[in-house]
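All remarks here apply to the structure that follows.
The values are calculated or read from the model by the stated rules, or taken from the named source; none is laboratory data. Source: prediction; values computed, not measured. Cβ atoms come from the backbone with ideal geometry, glycine included; neighbour counts cover every protein chain shown. Remember, those area values only see protein heavy atoms, side chains included, never the ligands or the DNA or RNA. Shrake-Rupley method; radii C 1.70, N 1.55, O 1.52, S 1.80 Å.
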Amino acid sequence: MYCIYCRREIQENERRYYSRQAGMKGLYHWDCFVEACRKANREGASELETFSVTETVVPVNNAYSYVGE
């Protein structure tokens, strides 16, 4: 069995994790899974920051709409 993050073989005595999470499905070394989650969270946070800077919420007829570039 191989880790889908680092592509190294997972040994019998190593802690492993099978993720069913969308976009991360597969078998990982535990430490690789933790690192993959941290990386995904950093990228997701960056996307949210980009969205909040480039998009604006404005009131329209007592409702709210997104106005972007």
Could you list, ordered by first residue, the pairs with Cβ atoms under 8 Å in which the first is in the range 4-19 and closer than 10 Å to Phe33 by Cα and the second is of a type in the set (Lys, Arg), at least 6 apart or interchain? Ser19/Lys25
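Please verify whether Leu48 is of a type in the set (A, V, I, L, M) and at pLDDT 95 or above, treating the condition exactly as stated. Show your work before the answer.
Working: of a type in the set (A, V, I, L, M): yes; at pLDDT 95 or above: no.
When the stated conditions are applied, Leu48 does not pass them.
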Conditions (1) part of a strand (DSSP E or B); (2) over 16 Å from the mean Cα position of the chain (by Cα); (3) modelled with pLDDT of 95 or more: number failed by Arg7: (1)
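Can you say whether Glu35 is open to solvent by less than 90 Å² (accessible area, probe 1.4 Å), modelled with pLDDT of 65 or more, over 20 Å from the mean Cα position of the chain (by Cα) and not β-branched (Val, Ile, Thr), as far as the supplied structure shows?
Numbers: open to solvent by less than 90 Å² (accessible area, probe 1.4 Å): yes; modelled with pLDDT of 65 or more: yes; over 20 Å from the mean Cα position of the chain (by Cα): no; not β-branched (Val, Ile, Thr): yes.
No.
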